[in-house]
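I have placed the structure first, in the form of structure tokens, so that the comments after it can refer back to it.
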Amino acid sequence: MTASPPLSSVPMLRARGVTKTYPAGRRDRVPVLRGIDIDVRAGEMVSIVGPSGSGKSTLLYCLAGLEPVDDGEVLLGADRIDGATPAQLAKWRRDRLGFVFQSYNLIPSLSVRENVALPARLAKHRTPDAEGALRAVGLADHAGKRPGELSGGQQQRAAIARVLAAGPPLVFADEPTGALDTTTGAVVLDLLRGYAIGERSVVLVTHDLDAAARADRTVVLRDGAVVAQLVRPTSAEILAVAHAEASA
Ligand code: ADP
Ligand code: MG
């Protein structure tokens, strides 16, 4: 009898050879991801850095099952995300994944409080603490407003509160501090850093190298390929690698 590996040695997320193209014109396709391998273990925060257009957002979408991959495989625990049915994907997105979009994606007709509570309500087993999540991001006083009444930075924080309230095992965050001032950005980063312990993990896309350096591991992307994986790097080390790759 073969012993199955201990649960903790199975990565929370495992991607192998992920490729993705987008159509360009009528016949051509441009490669955006060229064979990406990535592992995210439980309790880990992994940051992804790379120049604009290097494929960071596309990679997050593919890892979260929001975009189909052309080739390769994406495993969420033991489950294949690539090629899963829409119903399976919807269920996993509801129960196991959280996504902080670069564009926030709040529902305009709902209050901030309702927006934050919605994913948690859909995943019926959870008791949403929308107020607590809003307090954590400094938006307690804005719970009754509509997203349109908030600034970009406030909407970004509401999008983060929405994920915190749902509390999924795996959170993807695409430039979650992009619209925030330094102080508020530091609060959000602390929240995401603190989230990634035990059975919870975070994948953070950022162009802020200090933010990237808060992660356990940093993946450097360039032209849709992983050019380096750094373990607990300093921001200076990330900069050195990114720059060396850029000028190579
Ligand atoms: P990043 O997040 O690193 O800035 P993206 O993943 O957004 O990069 O984009 C990577 C490349 O893919 C860019 O060249 C972009 O123009 C292209 N791209 C992204 N989304 C689409 C799409 N829906 N259709 C066609 N091309 C796209
Ligand atoms: Mg992007």
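The values are calculated or read from the model by the stated rules, or taken from the named source; none is laboratory data. These numbers were taken from a predicted model, which means no experiment stands behind them. Using ideal geometry, Cβ is built from the backbone for each residue, glycine included, and neighbour counts are taken over all protein chains shown. Keep in mind that these areas ignore ligands, DNA and RNA; they rest on the heavy atoms of the full protein, side chains included. Shrake-Rupley method; radii C 1.70, N 1.55, O 1.52, S 1.80 Å.
Table for the structure above
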{"read-out": "For the chain, alpha-carbon Rg and Dmax in angstrom", "value": "18.1, 61"}
{"read-out": "Local net charge near Gly43, Cβ-Cβ under 10 Å (Lys/Arg +1, Asp/Glu -1)", "value": "-1"}
{"read-out": "Protection proxy ranking of 145-154, 167-176 - average other beta-carbon atoms within 10 Å, highest first", "value": "167-176, 145-154"}
{"read-out": "Relative contact order of the chain, defined on C-alpha pairs under 8 angstrom at six or more residues apart (%)", "value": "25 percent"}
{"read-out": "Accessible carbon and sulfur surface of the chain relative to its total accessible area, %, 1.4 Å", "value": "53 percent"}
{"read-out": "Ellipticity estimate at 222 nm from DSSP helix runs (n ≥ 4, -39,500 (n - 2.57)) divided over the chain, nearest 500", "value": "-10000 deg cm²/dmol"}
{"read-out": "GNM result for the chain, Cα springs below 10 Å: residue of Ala117, Ala24, Ala15 fluctuating most strongly", "value": "Ala24"}
{"read-out": "Cβ-Cβ FRET estimate between Leu122 and Asp223, R0 fixed at 35 Å, reported to 0.05", "value": "0.40"}
{"read-out": "Stretchable slack from Ser235 to Thr21, in nm (0.36 nm times residue separation minus alpha-carbon distance)", "value": "74.0 nm"}
{"read-out": "Spread of Cα-to-Cα distances over 5 Å intervals beginning at zero, given as percent, for segment 1-124", "value": "2, 9, 16, 19, 19, 15, 11, 6, 2, 1, 0, 0"}
{"read-out": "Inter-site label distance for Thr85 and Glu114 at 7 Å from Cα along Cβ, in nm", "value": "3.2 nm"}
{"read-out": "Accessible area expressed per residue, the chain, with surrounding protein chains retained (probe 1.4 Å, Å²)", "value": "48 Å²"}
